[in-house]
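Below you'll find the structure, written out as structure tokens, and then a few comments.
The values are calculated or read from the model by the stated rules, or taken from the named source; none is laboratory data. From a predicted model like this one, the values you see are computed outputs, not experimental measurements. Because the Cβ atoms are built from the backbone with ideal geometry, glycine has one as well, and the counts that use them run over all protein chains shown. Please note that ligands, DNA and RNA were not included when accessible areas were found on the heavy atoms of the full protein model with its side chains. Shrake-Rupley method; radii C 1.70, N 1.55, O 1.52, S 1.80 Å.
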Amino acid sequence: MLLDVVPDDTWWRDTYIAAPLILTSDQFQALDKIAGDQRDEIDRIQRDLPIAARDLRTALDADPTSATDITNAAKRLRNIRDSLFDRQAQMLSAERLVLTKQQWSKLLDQLQQRREERFNRGEGGYPGGRGGRGGYPRGGRGRPWPY
């Protein structure tokens, strides 16, 4: 997915990733502001996501079950995922506008190298070693890997 390119909401503070980009102090401040502006809403949406998934499972497991209940729970889950994707895309777009084309290319290179190193160590191709299904880098902080 598109959002797989940025591992978390403070990637510029990871020296392995950010040092080769040679970010200016203005860029650091801009990236911090972007994260601050988006973080609370993204965190709220991420907390709602497993609740909506649980509600869908509950609707599917109900006896008797209702097509309306299942459909409504599925729509709620879809809407939450769409909302999360939209927020993350807005954040990614704002971050991209802060970087030069050269910095953006270098960022993508650094992220690819990190994925390859983790894969080669047997951790899978994604942070957390969970194959891209909801893993969080660095102890649970940051963006989930949408699926």
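Look through A74, A53, A59, A35 and report the one residue that is within 30 Å of L107 (Cβ to Cβ), assigned to a helix (DSSP H, G or I) and open to solvent by less than 80 Å² (accessible area, probe 1.4 Å).
Answer to the check: A35.
Kindly evaluate A19 against the criterion of being without any contact (Cβ under 8 Å) to a residue 40 or more places away in the chain, of a type in the set (A, V, I, L, M, F, W, C) and either more than 21 Å from L84 (Cβ to Cβ) or in a loop (DSSP other than H, G, I, E, B) (or both).
When the stated conditions are applied, A19 passes them.
Identify all residues within segment 81-108 that are free of Cβ contacts under 8 Å to residues at least 24 places away in the same chain and either assigned to a helix (DSSP H, G or I) or small (G, A, S) (or both); write none if there are none.
The answer is D82, D86, S93, R96, L97, K101, Q102, W104, S105.
So which of D14, D69, D82 ends up being modelled with pLDDT of 95 or more and surrounded by 15 or more Cβ atoms within 10 Å (Cβ to Cβ)?
D69
Residues in segment 89-104: is at least one acidic (D, E) and surrounded by 13 or more Cβ atoms within 10 Å (Cβ to Cβ)?
Within segment 89-104 (the criterion being acidic (D, E) and surrounded by 13 or more Cβ atoms within 10 Å (Cβ to Cβ)), the answer is yes, since at least one residue qualifies.
When segment 28-53 is examined, which residues are found to be within 15 Å of R96 (Cα to Cα), at pLDDT 95 or above and small (G, A, S)?
Hit for segment 28-53 is A30, nothing else.
Could you identify the single residue in I80, I70, I22, I42 that is closer than 26 Å to E116 by Cα and not acidic (D, E)?
Criteria check complete, one pass: I22.
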